[in-house]
1. Identify all residues within segment 201-219 that are under 27 Å from D290 (Cβ atoms) and either crowded, with 21+ Cβ neighbours inside 10 Å or not polar (S, T, N, Q) (or both); write none if there are none.
2. Going through segment 167-190 one residue at a time, which ones are modelled with pLDDT of 95 or more and small (G, A, S)?
3. Picking from I411, I357, I450, I420, which residue would you name as being in contact with a Pro (Cβ under 8 Å, 6 or more places away or on another chain), more than 28 Å from W38 (Cβ to Cβ), surrounded by 21 or more Cβ atoms within 10 Å (Cβ to Cβ) and not aromatic (F, W, Y)?
4. Any residue in segment 77-98 that is surrounded by 22 or more Cβ atoms within 10 Å (Cβ to Cβ), touching a helix residue (DSSP H, G or I) at 6+ places or on another chain (Cβ under 8 Å) and hydroxyl-bearing (S, T, Y)?
5. Pairs, please: C-beta under 7 Å, at least 6 apart or cross-chain, first residue of a type in the set (G, A, S) and in segment 146-169, second surrounded by fewer than 20 Cβ atoms within 10 Å (Cβ to Cβ) and modelled with pLDDT under 95?
6. For segment 300-312, check the following and say yes or no: at least one residue is of a type in the set (V, I, T), over 28 Å from A76 (Cα atoms) and in the same structural domain as A94 (by TED's automatic domain parsing).
7. Quick check on segment 224-254: of everything there that is small (G, A, S) and under 26 Å from P292 (Cβ atoms), which residue is surrounded by the most Cβ atoms within 10 Å (Cβ to Cβ)?
8. Just name the residue that is nearest to I138 (Cα to Cα) out of those in segment 10-21 that are crowded, with 21+ Cβ neighbours inside 10 Å and of a type in the set (S, T, Y).
Amino acid sequence: MDTFSLLARYDLRLPRYTSYPTAAQFDTRVNAKTYRRWLGAIPEGASTSLYLHVPFCASLCWFCGCNTSVVHSVGALERYARAMVAEIESVAAAIGHRLPVRHIHWGGGTPTALPAPLMQAIDAALRRYFIIDGATEIAIELDPRTLPGTAEVDLRALGIGRASLGVQDFSPLVQEAIGRHQSVAETRDAATVARAAGARSINLDLVYGLPQQTVASLEATIASVLEIEPDRIALYGYAHVPWMQKRQAVLAGFDLPDAAARLCQQTRAAAMLVEAGYRRIGLDHFAKPDDPMAQARGTPRLRRNFQGYTLDDAAVLIGFGASAISALPQGYAQNATRTIEYLDAIETATLATARGIARTAQDDLRSRIIERLMCDLTVDVASIADAAGMDGATLDDAWPQLEPLETDGLIRRNGAVVTITEAGWPFLRCVAACFDQYLDPQASRHAAAI
């Protein structure tokens, strides 16, 4: 089948499968009482990761789908930091013992929108209530345009070992359209500062499918990116969901690249990165051959969570801040998304859980299958079902959905082993969706899969 026919059939609106069940299935049956009970059941010594969400930026980028807003009031930033410290104390009290932490991820928004003393106060609270040592990897998302002059000292004080910098596209036309003006020099300087502060790994984020973007502009951007020599590169498709992120309505005046143009941009960008020596990781990540993520490719050490591809295998993920999601063995719990609702909840009730989902044994089984597909591009369905002590027949709904994908050459099947072909790589989410028993194919919540 030719490319245009494939796009017509498979350019669906699908989840990114950074979790399963996905956030679309969260509801209010999981609340603060539920979350407190789950926290209290975490055993001593359970490996833990922490996510800190700072929902503030110096300005809004029109394409951005993150939970963020523009706040310059020092008082508002101080209130938010106090709430995060209070939440850390409440969560620690519910757990009842200090847990060892493998990973900490500062995300947003722009974490450095908080003044350094506020970030340090949050960090100090974490160190009081959790076990954080030299083996803990601490990562942060940075906006190269707004790094403070004290960034090197500030990042070193937090123990940052990995930094992720947003780029998107260096084309002036694209940057004008999306409301984000950022030079190559700013980006290079930010990477230099992060490395000087102790970051051993630098990641740069690229986005395809943006307004005014072409294959040529993406090629030029990648050429500049390669000169910065990042250890990892993420290549995301622009998720146009103006019904969820109202700011994206600003882009309505532009003709966005259609599915065929997006596919051309994606495949050309990926080819350039592979030609430059990067290893392709799953759907949208690339890493230098000596990077631990590249070395984990094809092994169970490569995982997928809300931050994308990761080597984080902690049993527990605890999220702090507005909209942050926690992943515990019993299920997912998400804080109130709106910052004011998060603040009010923390200040009056100590926890801000607004929704979530309790996972079933069937959810866990399908989660493992989807994760291995997204990470390895192959999965032995029967083996995973056997290891879980589950009847493989409970997955029989997936096989009829996989048949057209096999006919069209996007997957190969050998019994219960499903493998993505080279032609099927851009359609990976379509394959994973066959194992999603909650997916409503008529729903328009999600972004395009290509």
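The values are calculated or read from the model by the stated rules, or taken from the named source; none is laboratory data. Source: prediction; values computed, not measured. Don't worry about glycine lacking a Cβ; one is built from the backbone with ideal geometry, like all the others, and counts go over all protein chains shown.
1. Our first condition is that a residue be under 27 Å from D290 (Cβ atoms); within segment 201-219, this holds for 201-208, 218-219.
The answer is I202, N203, L204, D205, L206, V207, Y208, L218, E219.
2. S171, S183, A185, A190
3. Values: I411 fails: in contact with a Pro (Cβ under 8 Å, 6 or more places away or on another chain); I357 fails: more than 28 Å from W38 (Cβ to Cβ); I420 fails: in contact with a Pro (Cβ under 8 Å, 6 or more places away or on another chain).
Sole residue among the options that is in contact with a Pro (Cβ under 8 Å, 6 or more places away or on another chain), more than 28 Å from W38 (Cβ to Cβ), surrounded by 21 or more Cβ atoms within 10 Å (Cβ to Cβ) and not aromatic (F, W, Y): I450.
4. Within segment 77-98 (the criterion being surrounded by 22 or more Cβ atoms within 10 Å (Cβ to Cβ), touching a helix residue (DSSP H, G or I) at 6+ places or on another chain (Cβ under 8 Å) and hydroxyl-bearing (S, T, Y)), the answer is yes, since at least one residue qualifies.
5. Taking only residues 6 or more apart or on different chains, not a single pair turns up.
6. From segment 300-312, those of a type in the set (V, I, T) are 310; that's our starting set.
Among the residues that remain, those that are also over 28 Å from A76 (Cα atoms) are: 310.
Imposing the further condition that a residue be in the same structural domain as A94 (by TED's automatic domain parsing) reduces the set to 310.
So far as segment 300-312 goes, yes, one or more of its residues are of a type in the set (V, I, T), over 28 Å from A76 (Cα atoms) and in the same structural domain as A94 (by TED's automatic domain parsing).
7. Of the residues in segment 224-254, the ones small (G, A, S) are 224, 234, 237, 239, 249, 252-253.
With the extra rule that they be under 26 Å from P292 (Cβ atoms), the set shrinks to 224, 234, 237.
On the way: S224: 16, A234: 21, G237: 23.
Only one residue tops the list, namely G237.
8. This residue is S19.
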